[in-house]
1. For the range 118-124, in order, what is each residue's ³J(HN,Hα) by Karplus, 6.51 cos²θ - 1.76 cosθ + 1.60 with θ = phi - 60°, in whole Hz (x at glycine and Pro)?
2. Just the number, please: carbon plus sulfur as a percent of the accessible area of the range 56-127, 1.4 Å probe, no ligands or DNA/RNA counted.
3. Treating the beta-carbon of each Lys and Arg as +1 and of each Asp and Glu as -1, no other charges, what is the dipole magnitude of the range 180-274 about its Cα centre, to the nearest 20 debye?
4. In square angstrom, what is the accessible area per residue of the range 42-132 with a 1.4 angstrom probe?
5. Amide H neighbours of Leu88 under 5 Å, counting only residues 5+ apart in sequence or on other chains, H built in-plane at 1.01 Å?
6. Determine the share of the range 187-286's accessible area contributed by carbon and sulfur atoms, expressed in whole percent, with a 1.4 angstrom probe.
7. Compute the whole-percent fraction of alpha carbon pairs in the range 143-237 spaced more than 21 Å apart.
8. Using the charge dipole of the range 78-229 (Lys, Arg: +1 at Cβ; Asp, Glu: -1 at Cβ; taken about the Cα centre), state which of Gly228, Leu102, Val131 has its Cα farthest towards the positive end.
Amino acid sequence: MPSDVAATRAPARRPRPRGGILALALVLVVFAGAVVTALFSARRVVGAVPGKGGLLSVAATGSGFLVGTTTGAFASSDGRTWSPVGALPGPSPVAGDGTRVLAASGRALVASTDLRTVAPVATLPAVPSAVAAGPDGSAYVIDRSGALVRVDSGGNAVQVGRPGPESVLGLAVVGSSPPVVYAAGLGTGLWRSDDGGERWSRLLATPAQAILPGAGTPDRILLGTPGGLLVTRDGGRSWHLSALQVPVRGIALSGGRYYALGEDRLLLVSQDGERDWRPLSAAGQQ
């Protein structure tokens, strides 16, 4: 009987070669990582703003687009192929009014209508952190201390108002006599001055970098934040998140279309500024 039991006992299992399995798993992980990296790199290359500088702002005109970064400005006629603007090295905040673009490099403020040549506008009293196009051909700049400067159509730069919020990255001006000024920063949120910069009040504490006021109606404001594009239709009393729910570094309006600069360095386009955002590089046309 004992021999019969021994004869029916199941054979012992051989240990599996774990080293081979681990090696295969490592190969698969490396391969998958390479595929993901290749796809991500391809996305950045096709239509992405070149360089590694931080994104500051975007401007749009009938001639194309200008993107300001911490290492210089880049221009594109179609939002897909970009080239550096040699006249704008270093940090270059930009802005536009649909007809011309403004850009700062150091204390120099310049303008362009064709994105190929720039003309000097003014020498500024300090290096600005944000630029805005004002009414009647004027321009507004603000430095990191909150000092707001107006540059008239003749190139005369004069400080206006009292110091506003510090470390502003987004600036916008609406109307005149006096103008309404909006300023936004990642550490300060969104601020508004109804008297040209004399008194400021905070509209929203959410970190923000880009502002597009009067987008369709006077009370409609688009605000670019690290969490996406916020929209208000009542002058800032209430806000809702648009369909664009990625970090937004710049916003522009030109030819009835809205453009947003995403953190992935791609320019996106929308017909109404709230829905159906898509990469301009895949849109086929401006």
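The values are calculated or read from the model by the stated rules, or taken from the named source; none is laboratory data. These figures come from a predicted structure and were not determined experimentally. Virtual Cβ from ideal backbone geometry, glycine too; neighbours counted across all protein chains shown. Accessible surface areas use protein heavy atoms only, side chains included; no ligands, DNA or RNA. Shrake-Rupley method; radii C 1.70, N 1.55, O 1.52, S 1.80 Å.
1. 10, 10, x, 10, 6, 9, 8
2. Taking all protein chains in place, the range 56-127 shows 57 percent carbon and sulfur surface.
3. 80
4. Each residue of the range 42-132 exposes 41 Å² on average to a 1.4 Å probe.
5. Ala73
6. About 47 percent, which is the carbon plus sulfur part of the accessible surface.
7. Percent of Cα pairs beyond 21 Å in the range 143-237: 27.
8. The residue sitting most towards the positive pole is Gly228.
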